[in-house]
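To start, the structure under review is shown below, and the notes come after it.
The values are calculated or read from the model by the stated rules, or taken from the named source; none is laboratory data. Just so you know, these numbers come straight off a predicted model, no measurement behind them. Backbone-built Cβ (ideal geometry, glycine too); neighbour counts: all protein chains shown. All accessible areas refer to the heavy atoms of the entire protein, side chains included, with ligands and DNA or RNA removed. Shrake-Rupley method; radii C 1.70, N 1.55, O 1.52, S 1.80 Å.
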Amino acid sequence: MHDLKNKRILVTGASRGIGQAIAIDLAKHGAKVAVLATRLANLEQTCAAIAAAGGESLPLEGDISQASTAQDSVKAVVDAWGGIDGLVANAGITKDNLLLRMTEEQFDQVIDVNLKGTFHFLKAVTKPMMKQRAGSIVFIGSVVAAIGNPGQANYCAAKAGLHGMARSAAIELGGRGITVNVVSPGFIATDMTSELPEAAQDAMKQKIALGRPGSGQDIAGAVRFLQSPDGSYITGQVMLVDGGLSLG
Ligand code: NAI
């Protein structure tokens, strides 16, 4: 089921949290996984887990808000493995603040990493995937893009931007056999969410129909499906993986 043998997949933000879970899961299902983080040293745990599962990884370093990081990373994957079959654009940040206090810098930083950083990687994989006439691109969005969240105008704007970008890219690239989708997590227990005030965490948790926060593995299963042949007729879609949080 969901066999990824010989797939070459690049995962950004793979040093911890959701990206780490995705990278390890893809490797366990047979993919070669290139993993990117801001610092190589932070990738040791991810690469060790992939090796322990009998998989192959390629650690990469860089800041995704720089176009050169995307170009260099994709080139490194193609040079090492002869092509690239999948992208999981997962890396993201938050700079939360209520509107009256949100600075232009906080707005720009989140857009630069979460939206523009994803654009850089989308653009960088397009050429090799078009040449191969195949590829699966998955952006990691967020449920809050659809329902909003106080203090996250910058973050919600960036994540909602991913929806439009995915739909446009899906139409442009579909003729070359390339799919582009968004997997939007709900409330997932990671370092990112542990930094939220406890009251905000509790408020989110109370809305989850399934009654528990999600795990990185919950997101990894959806990503793996879209990276596998089983998901190859799905494109331009937003898949909510939120335990029913968005149902209200
Ligand atoms: P995290 O903070 O635990 O991990 C983020 C990863 O992205 C780290 O590996 C970090 O090094 C990397 N990263 C951040 N900025 C980077 C940059 N400029 N260049 C390269 N790498 C960078 O976050 P978490 O919780 O694992 O989230 C992963 C993705 O899922 C993010 O896009 C986040 O917005 C999204 N998400 C998370 C939710 C949650 O409840 N944790 C809910 C909805 C979406």
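Consider only pairs whose beta carbons are under 9 Å apart and that are at least six residues apart or on different chains; among these, list those whose first residue lies in the range 211-225 and is under 24 Å from G135 (Cβ atoms) and whose second residue is in a loop (DSSP other than H, G, I, E, B) and more than 10 Å from the ligand (Cβ to nearest atom).
Pairs found: G221/H2; R224/H2; R224/L4; R224/H29; R224/A31; F225/H2; F225/I234.
Where residues in the range 82-112 are closer than 16 Å to A145 by Cβ and under 12 Å from the mean Cα position of the chain (by Cα), which of them is nearest to the ligand (Cβ to nearest atom)?
For the range 82-112, the residue satisfying everything is G92.
Within the range 26-48, which residues are within 14 Å of the ligand (Cβ to nearest atom) and either open to solvent by 40 Å² or more (accessible area, probe 1.4 Å) or more than 19 Å from the chain's Cα centre (by Cα) (or both)?
Listed by number, the residues that qualify are T38, R39, L40, A41, N42, E44, Q45.
Report whether or not S184 is within 15 Å of the ligand (Cβ to nearest atom), crowded, with 18+ Cβ neighbours inside 10 Å and hydroxyl-bearing (S, T, Y).
Working: within 15 Å of the ligand (Cβ to nearest atom): yes; crowded, with 18+ Cβ neighbours inside 10 Å: yes; hydroxyl-bearing (S, T, Y): yes.
Answer is yes for this residue.
Enumerate the pairs (first residue in the range 81-108 and surrounded by fewer than 17 Cβ atoms within 10 Å (Cβ to Cβ); second residue anywhere and part of a helix (DSSP H, G or I) and among the hydrophobic types (A, V, I, L, M, F, W, C)) with beta-carbon separation below 9 Å, excluding pairs fewer than 6 apart on the same chain, so at least 6 apart or on different chains.
Hits for this filter: G83/V77; G83/M129; N97/A153; L98/A153; L99/A153.
Condition (residue is part of a helix (DSSP H, G or I), out of contact with any Phe, Trp or Tyr (no Cβ under 6 Å at 6 or more places or on another chain), open to solvent by less than 50 Å² (accessible area, probe 1.4 Å) and more than 16 Å from the ligand (Cβ to nearest atom)) applied to the range 52-70: is it met by at least one residue? Explain how you work it out, then say what you get.
The initial filter retains those residues of the range 52-70 that are part of a helix (DSSP H, G or I), namely 52, 67-70.
Of the ones still in play, those that are also out of contact with any Phe, Trp or Tyr (no Cβ under 6 Å at 6 or more places or on another chain) are 52, 67-69.
Adding the requirement that they be open to solvent by less than 50 Å² (accessible area, probe 1.4 Å) leaves 67, 69.
Subset that is more than 16 Å from the ligand (Cβ to nearest atom): none.
Checked against the condition, which is being part of a helix (DSSP H, G or I), out of contact with any Phe, Trp or Tyr (no Cβ under 6 Å at 6 or more places or on another chain), open to solvent by less than 50 Å² (accessible area, probe 1.4 Å) and more than 16 Å from the ligand (Cβ to nearest atom), the range 52-70 yields no hits at all.
Working only within the range 29-51, note down all residues that are of a type in the set (A, V, I, L, M) and over 17 Å from R16 (Cβ atoms).
Filtering the range 29-51 down to residues of a type in the set (A, V, I, L, M) leaves 31, 33-37, 40-41, 43, 48-51.
Passing the criteria: A31, A51.
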